[in-house]
Amino acid sequence: MISPDAPHANPQKKEELLDSLTNGLALLRLFASGTGSLTMQEVAEQLDVTRAAARRLLLTLQHNGYVAQDGRDFSITPRVMDLGFAYFASMDLPRLAGPYLKALAVEAGETCSLGVLDGESVTLVAREEPQQMLRVDMGVGRRMPAYAHSLGRVLLAGLDDAALDAYLATAQLRKLTPFTVSSRTALARTLRQVRSDGYCTLVSELVDGYAGISVPLRAASGKVVAGLGFSMVLGSRDAAHLLRHHLPPLRRAAEEIEALLRTR
């Protein structure tokens, strides 16, 4: 039976809830309680569902890589950590990365930000400004279209192929400036290049006259969990200037932050 202590939201009308999702989450909680493996019959009994329903739950989780089968026994895989790691990493990241953002902003004289992917948007979770007259007005919590921001592009490039294909198939791509890459084919090509380069420079695509350069931050597993980058008024500079002056310190800081993440 499903434990009465299982987490639940405020009471909702029965027709508004998905029983299959509720049962799937209950199944993951069974494994999380320390159960090494379960048979199909044990799942049916523990969740108080039919054997056919238990089979569908297990096969769905197996298809998505969260459960592995060995004969009659099913057990969870390390992939379940993906469900929560990015969230908890993003909660801890602002504290870990804060001193580096401050040092980068002072060294470069530009706004330095930390962002995470949130659906089709990149959300700023930390930000440091230099003491200068011209500033980029983007506060913590600000959401921007991921395809048109350098932080967003390193995050999109860090998705696995299936997730990236799904994004490209459904994302709303608008021409925000005359320079915005808004073609799905062109964006896919650009993101493949970002993935290969390990950084992204972007000029006048979100707002004409503004530029950004960003690098990914990876967890110990290699998964991209955030982006670290500068945003600035471009002025008389060009993308080559960003690469020469801003990419090296970004990469150094990213390596140090990633080293901290590996100790968590």
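FYI, it's all coordinate maths here, none of it is from the lab. Model, not experiment: these values are computed from the prediction. Cβ atoms come from the backbone with ideal geometry, glycine included; neighbour counts cover every protein chain shown.
In nm, to one decimal, how far is the modelled label at R56 from the one at R184, with both set 7 Å along Cα→Cβ?
The modelled label-to-label distance comes out at 3.0 nm.
Rank these for me by crowding, H245, H63, H149, going from fewest to most other beta carbons within 10 Å.
Ranked by crowding around the Cβ, least crowded first: H63, H245, H149.
Taking amide H atoms as placed 1.01 Å from N in the peptide plane, list the residues 5 or more away in sequence, or in a different chain, whose amide H sits under 5 Å from that of V122.
It is M144, A146, by chain and number.
Going by average Cβ density within 10 Å per residue, which order do the peptides 175-181, 202-208 take, highest to lowest?
In decreasing order of mean packing, 175-181, 202-208 become 202-208, 175-181.
Mind listing the Cα extents of segment 141-264 along all three principal axes, in Å, largest one first?
44, 37, 29
Relative to the present Cα-Cα distance, how much length would full extension add between S204 and D92 at 0.36 nm per residue of separation?
The span from S204 to D92 would gain 37.2 nm if fully extended.
Using a 7 Å offset from the Cα along the Cα-to-Cβ direction at both T22 and Q131, what is the distance between the two label points in nm, to one decimal?
Inter-label distance under the simple model: 5.9 nm.
When the convex hull of the C-alpha atoms of segment 14-76 is computed, what volume per residue in Å³ does it have?
Looking at segment 14-76, the number lands at 83 Å³ per residue.
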